[in-house]
Amino acid sequence: MENTKQVTPTELARAYQAYEKGGRALLDDLERERLEGNHEAVRERVRTFAETEQKVFLGLSLALNDTEGFFAEVESNLGPDVAAEFGEIRDAYPSLAETFKLVRLEATKERQNPITSIDVRTAYSTQQDAPLVGYTVSSGNVELHEYRGTTQETLQSAAYFVQAANDALAATLAEDHSVNTDELSELIDRHEKLETELNALYDHIEELRRNPVE
């Protein structure tokens, strides 16, 4: 997607008004597919739409997600009737808001399948004398990955992710690139969370060592 930082809500609203194929027809089709459970197909159609009709997509995404300032500017520059039309879209298709938001994140910030939830389950295998972890990773309504394994296997995956993050940060430092304030703040918070969890992990391992399996 082209750089859209300088595109105003007014321009996006005008692009939607000029969209010959009809935005409401597209939204109706997407809502129908969503109700049928075709979540991956909905995501792909929205991605294609974002590529082919960038401004129309962005306008719909901002309206559906009730983005701050969008309605006020549209009403100020194009009138209350146009703002009301977008308000009707927002109210008619709330279930599509997250999909449009996630695709906008992909299109404008170089993400891919942003993770919105991880459903975790635990169990114990008497056959292996080992606890098990299961989880489902989702991006909106789209399930990305299903997993089930032992705790050490789960931690191995976690170690790969931490190593990958360290590799990315090392490359950033080596190239003298900067990291924005929000990202750095979140990194600090994530590091503190990891330290807390690792301390708890150490305590659990030490207790297991004191009570070995016979």
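Is it true that D167 is surrounded by fewer than 10 Cβ atoms within 10 Å (Cβ to Cβ) and without any contact (Cβ under 8 Å) to a residue 24 or more places away in the chain?
no
Considering only residues that are free of Cβ contacts under 8 Å to residues at least 60 places away in the same chain and either under 17 Å from A97 (Cα atoms) or among the polar types (S, T, N, Q) (or both), which ones fall in the stretch 17-35?
Within the stretch 17-35, A25, L26, D28, D29, R32, E33, L35 meet the criteria.
Residues to consider are E11, E88, E51, E73; find the one that is part of a helix (DSSP H, G or I), under 20 Å from the mean Cα position of the chain (by Cα) and either basic (K, R) or at pLDDT 95 or above (or both).
Being part of a helix (DSSP H, G or I), under 20 Å from the mean Cα position of the chain (by Cα) and either basic (K, R) or at pLDDT 95 or above (or both) holds for just one of E11, E88, E51, E73, which is E51.
Looking at the stretch 49-77, which of its residues are surrounded by fewer than 18 Cβ atoms within 10 Å (Cβ to Cβ) and closer than 15 Å to V7 by Cβ?
T67, G69, E73, N77
Just for the stretch 54-70: of the residues that are over 18 Å from the mean Cα position of the chain (by Cα) and not in a helix (DSSP H, G or I), which one is farthest from S138 (Cα to Cα)?
For the stretch 54-70, the residue satisfying everything is G69.
Under 18 Å from S61 (Cα atoms), within 19 Å of the chain's Cα centre (by Cα), at pLDDT 95 or above and among the small types (G, A, S): is that true of S95 in this structure?
yes
Rundown of residues vs (1) loosely packed, with under 11 Cβ neighbours inside 10 Å; (2) among the aromatic types (F, W, Y); (3) free of Cβ contacts under 8 Å to residues at least 12 places away in the same chain; (4) outside any helix (DSSP H, G or I), yes/no style:
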site	(1), (2), (3), (4)
T172	no, no, yes, no
D176	yes, no, yes, yes
V179	no, no, yes, yes
D182	yes, no, yes, no
E186	no, no, yes, no
R190	no, no, yes, no
T196	yes, no, yes, no
N199	yes, no, yes, no
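Could you tell me which residue of the stretch 53-70 is nearest to Y93 (Cα to Cα), considering only residues that are of a type in the set (A, V, I, L, M, F, W, C) and without any contact (Cβ under 8 Å) to a residue 60 or more places away in the chain?
Restricting attention to the stretch 53-70, the residues satisfying the condition of being of a type in the set (A, V, I, L, M, F, W, C) are 56-58, 60, 62-64, 70.
So of that shortlist, the ones also without any contact (Cβ under 8 Å) to a residue 60 or more places away in the chain come out as 56-58, 60, 62-64.
Numbers: V56: 16, F57: 14, L58: 15, L60: 10, L62: 13, A63: 10, L64: 7 Å.
Ranking the candidates gives L64 first.
Which of the residues spanning the stretch 138-170 are farther than 30 Å from L30 by Cα, of a type in the set (S, T, Y) and either at pLDDT below 95 or outside any helix (DSSP H, G or I) (or both)? Outline the logic, then answer.
Step one: list which residues in the stretch 138-170 are farther than 30 Å from L30 by Cα, which gives 148-170.
Among the residues that remain, those that are also of a type in the set (S, T, Y) are: 150-151, 154, 157, 160.
T150 - this is the single residue of the stretch 138-170 that is farther than 30 Å from L30 by Cα, of a type in the set (S, T, Y) and either at pLDDT below 95 or outside any helix (DSSP H, G or I) (or both).
Run down S139, S157 and say which single residue is in contact (Cβ under 8 Å) with a residue 12 or more places away in the chain, under 21 Å from the mean Cα position of the chain (by Cα) and surrounded by 10 or more Cβ atoms within 10 Å (Cβ to Cβ).
S139
The values are calculated or read from the model by the stated rules, or taken from the named source; none is laboratory data. As the structure is a prediction and not an experimental result, all values here were calculated from the model. Ideal geometry is used to build each Cβ from the backbone, glycine not excepted, and the neighbour counts take in all protein chains shown.
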